[in-house]
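See below for the structure under consideration.
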Amino acid sequence: MTVNLLDFDAEGLLAWFAENGEKPFRARQVLRWMHRSGVADFDAMTDIAKSLRDKLKAMAVVLPPTVVSDKLSDDGTRKFLLDVGGNNAVETVFIPEDDRGTLCISTQAGCALDCAFCSTGKQGFNRNLTVAEIIGQLWRANQALGVVHGDERVISNVVMMGMGEPLANFDNTVAALRLMLDDHAYGLSRRRVTVSTSGLVPAMDRLRDECPVALAVSLHAPNDALRDQLVPINQKYPLGDLMAACRRYLEKAPRDFVTFEYTMLDGVNDSDAHARELLALVRDVPCKFNLIPFNPFPGAPFRRSSSERIRKFADRLIQAGIVTTTRKTRGDDIDAACGQLAGQVKDKTRRTGAVPLRFQELKP
Ligand code: SAH
Ligand code: SF4
């Protein structure tokens, strides 16, 4: 059976080479060609003996997902739609800023967690992405951005904030994280790679033990009654458990704070009373807040809080000593803003109440 070498992290690749009677340093060379130089063609791996190249060609491929559309926003944000087969496509967004370049990547085709305000969730869930499909987003983005050598840092930061819940696809997410951090692959700093989770408590503990990176937690509500509705996974892992998991995570995290994401929904979670309740909730958790103005999508039952309300809400947190930023809406002219990523998902869950899919990006 043909193996896709992008499905392996360094350890997996070493094991596969060993199984096939090849030396560890050969695995490392191939790893560097694939990830540092972005080479998919074995014949272009010029310091590998022809006999080994022929063997690799017979047994394996280097196959990232195909880019089916590439859109550039007026503000420089760039959105890629990648075909992952079976009528599914996922989105990846590159966000250039003065001091860094951030790539926002997806981990699942759709998402089963069905948060009330999220376009991805409303589409339902098809499947977990493979390691090749996750790391392939970074591979393709580097290629599209013209990065030809691994020392170039066009993409300095990665956030797992695209489609899907990364910790619900734990093993593949962690393998992809390891490649991002590996000096023979992408060599990114642990502090510059962020996993965003809606709060899968047991998986947060595993991430802490197996591959601690920066952590963002999607909070969105200051009490269980409201969070149960907005983020249904809260019914399983309520706020008390989630705050305790955040504290445990910080024992091993590369940063000394958790980032709480909080989508600002007009009249739902944005009052001064909510801010006060929030301050009490996070009292014992070193944290920063990132307020996200709600990004609408077709059929969404919410409105964005006014700028004035967001500013007041932020002021409450800042006055209490919590570093609070409001996320700039980037790329909304190409539907690339937070929560707008829809890609194309063929829902296997037959979720009721799902809004119609948006097919406009995939022209036949
Ligand atoms: N599944 C993960 C990561 C992907 S979502 C998670 O939920 O954390 C990235 C962030 O965008 C999350 O904080 C999510 O709650 C937020 N988000 C989802 N839909 C949104 C919308 N319509 N407007 C603004 N933010 C949204
Ligand atoms: Fe899934 Fe995150 Fe969207 Fe919730 S906000 S449905 S966890 S992608």
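The values are calculated or read from the model by the stated rules, or taken from the named source; none is laboratory data. Not measured: the values here are computed from a predicted model. All Cβ positions, glycine included, derive from the backbone under ideal geometry; neighbour counts span all protein chains shown. Calculation scope for accessible area: heavy atoms of the full protein, side chains included, ligands and nucleic acids excluded. Shrake-Rupley method; radii C 1.70, N 1.55, O 1.52, S 1.80 Å.
Tabulated results
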| quantity | calculated |
| --- | --- |
| Gaussian network model of the chain, springs between alpha carbon atoms under 10 Å - residue of Asn128, Asn142, Asn223 with greatest fluctuation | Asn223 |
| Inter-probe distance in nm under a simple model that places probes 7 Å from Cα toward Cβ, at Lys312 and Met59 | 6.6 |
| Accessible solvent surface per residue of the chain, calculated while the other protein chains remain in place, 1.4 angstrom probe, Å² | 42 |
| Relative contact order (%) - the range 3-61, alpha-carbon pairs under 8 angstrom, separation at least six | 35 |
| Fraction of beta bridges assigned by DSSP in the chain that are antiparallel (%, nearest 5) | 45 |
| Residues Asp209 and Lys23, FRET efficiency given R0 of 30 Å [Cβ-Cβ distance, rounded to 0.05] | 0.45 |
| Rounded to the nearest 10 Å², the accessible area of Ser307 at probe 1.4 Å | 100 |
| Gain on full stretching of the segment that runs from Asp99 to Ala225 - 0.36 nm per residue minus C-alpha separation | 41.4 nm |
| Heavy-atom SASA rank of Arg330, Arg255 (probe 1.4 Å, accessible area, largest first) | Arg255, Arg330 |
| Extended-chain gain in nm, criterion 0.36 nm per residue less alpha-carbon gap, Gln143 and Thr66 | 26.6 nm |
| Farthest toward positive dipole pole in the range 3-61 [+1 Lys/Arg, -1 Asp/Glu at C-beta], among Trp16, Trp33, Val61 | Trp33 |
| Difference of contour (0.36 nm per residue) and Cα-Cα distance, Ala15 to Ser271 | 86.7 nm |
| Sites Ala49 and Asp333, calculated FRET efficiency, Cβ-Cβ separation with R0 51 Å, nearest 0.05 | 0.55 |
| Length-normalised contact order for the range 66-359 - Cα pairs under 8 Å, 6+ apart - percent | 21 |
| Cα-based reach from Lys122 at 15 Å (exclusive), listing aspartates and glutamates while leaving out same-chain residues under 8 positions away | Asp114, Glu165, Asp347 |
| Cross-link pairs beyond the 25 Å C-alpha cut-off, checked among Lys79/Lys252; Lys71/Lys328; Lys79/Lys288; Lys23/Lys55 | Lys79/Lys252; Lys79/Lys288 |
| Point-to-point label distance, Arg153-Gln319, nm (Cα→Cβ direction, 7 Å offset) | 3.9 |
